[in-house]
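Q: The structure is given below, and queries will be raised subsequently.
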Amino acid sequence: MAEVQESGNKKGGKSKQKKMTVRVDFTPMVDMNMLLITFFMLCTTLSKPQTMEISMPSNDKDLTEDQQTQVKASQAITLLLDGDDKLYYYDGQPNYEDYTSLKETTYAADGLRAMLLQRNAVAVNEVNRLKQAKENLSISEEDYTKQVSEVKNGKNTPTVIIKATDDASYKNLIDALDEMQICNIGKYVITDITEGDDFLLENYEKKGELSKNIAR
């Protein structure tokens, strides 16, 4: 509220111009600010922490150890992250004699993502169906989370092994992990690169010259 005070003096029968003093009371503004803060605190949803699911490997007792190794190898995709944003991958066990078994791709949508979506098409379609069911309120949030986890960790879903060279950047690793979430990959691991992987990369750059020298 504003308060106006007037003051005037008369001297010798003549009146002078009145002086007005204006004082603004900001006390009601404090109350309004407190009400606004309280309103936003009660009506605003707190941001949820961003988490990443970690899946533990299961042990299928119906298969022998050799059979389990063969199944895992047939479903494995190994990503090799190299410098200058270069990205390579191979399927199953590495073939050191054939340099073309190592394939080069990119971090673009038509590169790594397209490859993973193709390999994980069954799980991706099932997750999309569950998302639609959740939006239609056919299943609850709890059931959706449980079923999606089961789909991602199914027996026929691929296992991605991520390996980065010393020349790869931190951004390359983050981009690769982002693709795991986008493509609904439930089984993936980050591990150290081996000497065999270094050989594959060098042999690929030299178009198989290293493997030819070993054969000789």
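Q: Could you work out the per residue convex hull volume over the alpha carbons of the stretch 100-216, in cubic angstrom?
A: About 131 Å³ per residue, rounded to a whole number.
Q: Here's another thing I want to ask about it. Return the distance in nm (one decimal) between the two label points of a simple spin-label model at Asp167 and Ala73, each offset 7 Å from Cα along Cα→Cβ.
A: About 2.9 nm separates the two model spin labels.
Q: With 24 Å as the limit, write out which pairs from Lys131/Lys171; Lys146/Lys187; Lys86/Lys163 have Cα-Cα distances beyond it, or answer none.
A: Details: Lys131/Lys171 29 Å; Lys146/Lys187 16 Å; Lys86/Lys163 12 Å.
Pairs exceeding the cut-off: Lys131/Lys171.
Q: Once you keep just the Cα pairs under 8 angstrom separated by 6 or more residues, what percentage relative contact order results for the stretch 109-216?
A: This gives 29 percent for the stretch 109-216.
Q: Based on the Cβ-Cβ distance from Asn156 to Asn95, what FRET efficiency comes out when R0 is 35 Å, to the nearest 0.05? Mind showing how you got there, number by number?
A: Details: r = 23 Å, r/R0 = 0.66.
Result of the calculation: an efficiency of 0.90.
Q: Suppose R0 equals 41 Å; then what is the FRET efficiency for Leu137 and Met29 from their Cβ-Cβ distance, rounded to the nearest 0.05?
A: Working: r = 45 Å, r/R0 = 1.09.
Using R0 = 41 Å, I get an efficiency of 0.35.
Q: Peptides 163-176, 112-125: what's the order by average Cβ count within 10 Å, highest mean first?
A: So the peptides 163-176, 112-125, ranked by packing, come out 112-125, 163-176.
Each reported figure results from applying straightforward, stated rules to the coordinates on display, with no laboratory input. In this text, all values refer to a predicted model and were calculated from it rather than measured experimentally. Every residue, glycine among them, receives a Cβ derived from its backbone with ideal geometry; neighbour counts consider all protein chains shown.
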